[in-house]
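**Student:** This is the structure, below, for whatever I ask next.
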Amino acid sequence: MKPWKPALAQGVGLFFCISLFYSCATSKPPTPPAPVTVSSRETPLLRLHYVGLGRLDRAVGVQGTVTVENPLPEALRVQKGEI
Amino acid sequence: MDLPSKEIFDGAPFPFTLAPHTERTIDFLYPLEERFLVDRRDGDAGGQEEFHRLEMTAQLSVMADNGSAVQILGAREEASYPRIREPVFTITAIRILQAELINTRFLVTLRIDNPNPFPVDLSSFRYELYGDRRFWADGLVKDALRVEGRTSTERQIALVMNFIDMKRELLDRIIALKSVDYRFKGQAQISVDMGYIKEFISSFDQSGEAAVN
């Protein structure tokens with residue numbers, strides 16, 4: 001074996017090691033999908049609309065509508081409402 | 001006014017499920033007692049405002065369909081509706097048609113002031129008239145009478161009185177064309193064209209001094 005061959009082999013080996021290290025250091029691992037964060041702007045919206053004074057059976061009172069909107073991709077349960 | 005919260009009622013009772021990307025509108029009627037619909041003279045007149053003003057708040061409890069995270073939603077809205085004030089009854093004059101101790105015939109002039117900007121109709125009214133703290137007469141008037149908005153109208157009522165059990169002084173004073181302290185009380189059936197309220201009973205109890213002529 002010629003005396004310069006081990007040095008060449010060592011140099012090539014070092015180059016691959018450095019390349020591998022560089023590659024490992026700069027590449028990013030695959031990112032798992034981030035959890036969906038629901039911001040406050042995406043929560044259900046509620047609108048109150050006053051119609052006027054009205055009559056229902058014998059009762060007279062303030063008549064209106066309440067509209068609740070669900071902008072989310074999942075169903076919501078509306079438990080109860082109060083005026 | 002500060003009214004208690006009430007659960008909204010409609011044709012589809014709570015709870016209900018709201019599908020994704022949908023909305024639902026719920027009708028409601030918050031019942032008001034008559035005292036909030038008609039301003040009584042002995043109550044808080046509320047100044048010269050022509051409308052009652054309301055601030056409404058709606059609250060809904062919402063949770064995810066999987067049972068997590070209850071959220072309370074709120075919305076506010078201002079509202080107004082017209083004030084309805086009771087008419088004011090005043091006796092402006094008492095005229096003697098026939099002055100006798102047993103049967104004295106009077107003509108009482110009654111003024112009805114309508115403080116509302118809209119007309120009111122008196123379907124009927126029942127009254128009692130007192131003079132000098134004594135009962136004079138009572139009666140029921142059934143003729144319909146319209147009083148236009150912010151105007152007054154006068155109505156004459158014929159009365160027959162008997163002074164036989166009263167002080168002679170009262171009859172003498174009336175015959176002498178002096179004034180008399182009166183009290184006029186009763187109930188009137190008032191009609192208004194408001195849609196949500198057709199008529200109401202207005203009680204009146206007015207005292208004053210009326211000229212006798």
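No lab work stands behind these numbers, since they all come straight from the coordinates. Since the model is a prediction, treat every value here as computed from it, not as a measurement. As a convention, Cβ positions derive from the backbone with ideal geometry for all residues, glycine included, and neighbour counts pool all protein chains shown.
**Student:** With n ≥ 4 as the cut-off for DSSP H runs, can you work out [θ] at 222 nm for chain B, using -39500 (n - 2.57) per run divided by the number of residues, rounded to the nearest 500?
**Tutor:** Mean residue ellipticity, 222 nm, calculated: -1000 deg cm²/dmol.
**Student:** With a sphere of radius 15 Å drawn around the Cβ of B:Asp143, what net charge do the other residues whose Cβ falls strictly inside it have (Lys, Arg +1; Asp, Glu -1)?
**Tutor:** Taking every Cβ under 15 Å from that of B:Asp143, the sum is +2.
**Student:** On full extension of the chain, what length is gained from B:Thr153 through B:Lys6, given 0.36 nm per residue of separation minus the C-alpha to C-alpha distance?
**Tutor:** 48.7 nm
**Student:** Using a simple charge model, +1 on the beta-carbon of Lys and Arg, -1 on the beta-carbon of Asp and Glu, nothing else, what dipole does chain B show about its Cα centre, in debye to the nearest 20?
**Tutor:** 1040
**Student:** ³J(HN,Hα) across the range A:50-67 via Karplus (A = 6.51, B = -1.76, C = 1.60, θ = phi - 60°), whole Hz, x for Gly/Pro?
**Tutor:** Working through the residues one at a time gives 8, 9, x, 8, x, 10, 9, 6, 9, 7, 10, x, 6, 10, x, 10, 10, 10 Hz.
**Student:** Can you compute 3J(HN,Hα) from phi for each residue in the range B:20-30, using the Karplus curve 6.51 cos²θ - 1.76 cosθ + 1.60 with θ = phi - 60°, rounded to whole Hz and x for Gly and Pro?
**Tutor:** Going residue by residue, I get x, 6, 10, 9, 9, 10, 10, 7, 9, 9, 8 Hz, with x marking Gly and Pro.
**Student:** Could you work out the relative contact order of the range B:86-212, using alpha carbon pairs under 8 angstrom and six or more residues apart, expressed as a whole percent?
**Tutor:** 30
**Student:** Shifting gears a bit: Top mean-square fluctuation among B:Ala64, B:Ala137, B:Ala79, Gaussian network model of chain B, C-alpha springs under 10 Å?
**Tutor:** Greatest mean-square fluctuation among the candidates belongs to B:Ala64.
**Student:** Shifting gears a bit: Under a 10 Å cutoff between Cα atoms, tell me which one of B:Ala188, B:Ala144, B:Ala75 has the largest fluctuation in the Gaussian network model of chain B.
**Tutor:** The residue that fluctuates most here is B:Ala75.
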